[in-house]
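Have a look at the structure below before the remarks.
The values are calculated or read from the model by the stated rules, or taken from the named source; none is laboratory data. Keep in mind it's a predicted model, so treat the numbers as computed, not measured. Using ideal geometry, Cβ is built from the backbone for each residue, glycine included, and neighbour counts are taken over all protein chains shown. Note: areas computed on protein heavy atoms with side chains; ligands, DNA, RNA excluded. Shrake-Rupley method; radii C 1.70, N 1.55, O 1.52, S 1.80 Å.
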Amino acid sequence: MLSKKIQELLNRQVELEAASSQYYLAMASWAQVKGYNGVSKFLYKHSDEERMHMLKLVHFINERGGHGLVPALKAPTANFKNIQEIFEMILKHEVHVSTEINKLVERCLAEKDYTTHNFLQWYVSEQIEEESLARNILDKLNLIGNDKGGMYLFDRDLESYSGAE
Ligand code: OFO
């Protein structure tokens, strides 16, 4: 059985994952409109993965005798300066998500809730992957700079990318 506090924090995480999904969806749509097919495909996929992260939490809460709540969400930003800005925002966002997961993990340890602690380990490793993926992409973008040919190849590479969840 989940404590009231852990349930509340897990539901807050549900909201954060749902917001992440919307956030990436808005970026994907912008990239598609601007003709970046690879980037948009990558971001649509990422948005679906965030929804999966959210669902996993909802199921866990319900299976542990709680109630997974579907949150109301604010509309995310629809316009972006460029691809670089998008991946900078993604990195910042994922660092924030990692901080929130760590807070949850800490709380589980404080309450000796080892079941939820164990469940959250999947999110801990997922966050390591997501942060490192965003950093790698940003490194590539920094190398490319204003080179249009480089950007074309970058977009094509992301189209075939089938990496981390
Ligand atoms: Fe759910 O990993 Fe990103 O936010």
Compute the angle between helix 148-159 and the longest alpha-carbon principal axis of the chain, please, reported from 0 to 90 degrees and rounded to the nearest 10. 40
Which one of Ser21, Ser47, Ser132 has the biggest mean-square fluctuation once the chain is modelled by GNM with Cα springs under 10 Å? Ser132
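Roll a 1.4 Å probe over the protein chains and send me the accessible area per residue for the chain in Å².
Values: 9230 Å² over 165 residues.
In whole numbers, the chain has 56 Å² accessible per residue.
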Just add up the charged neighbours of Leu9: K/R +1, D/E -1, any other residue whose Cβ is under 14 Å from the Cβ of Leu9. -1
Rounded Å value of the spacing that divides the Cα centres of the stretch 1-63 and the stretch 99-117: 20
Per GNM of the chain with C-alpha springs under 10 angstrom, the most fluctuating residue out of Lys140, Lys74, Lys103 is Lys74
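With a 1.4 Å probe and all protein chains left in place, how much of the accessible area of the stretch 18-130 comes from carbon and sulfur atoms, in whole percent? All intermediate terms of the calculation are to be shown ahead of the outcome.
Details: 3260 of 5960 Å².
Carbon and sulfur: 55 percent of the exposed surface of the stretch 18-130.
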Answer with one residue from Leu120, Ser160, Leu9: the one whose Cα lies farthest towards the positive end of the charge dipole of the chain, charges on Cβ with Lys, Arg +1 and Asp, Glu -1. Leu9
The chain: angle of helix 114-144 to the longest principal axis, Cα-based, in degrees nearest 10: 10
Stokes-Einstein D (µm²/s) once Rh is taken as the Kirkwood radius of the chain over alpha-carbon pairs, at 4 °C in 1.567 mPa s: 77
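Given axes a ≥ b ≥ c from the Cα gyration tensor, I'd like to know whether the stretch 32-101 is rounded (a/c under 1.5), prolate (a/b larger than b/c) or oblate. Write down the numbers at each step before the final one.
Working: a/c = 2.46, a/b = 2.06, b/c = 1.19.
In terms of gyration-tensor shape, prolate.
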Would you look at the GNM of the chain, springs on alpha carbons closer than 10 Å, and say which of Asn146, Asn11, Asn118 moves the most? Asn146
Can you tell me the orientation of helix 4-33 relative to the chain, as the angle in degrees between its alpha-carbon axis and the longest Cα principal axis, to the nearest 10? 10
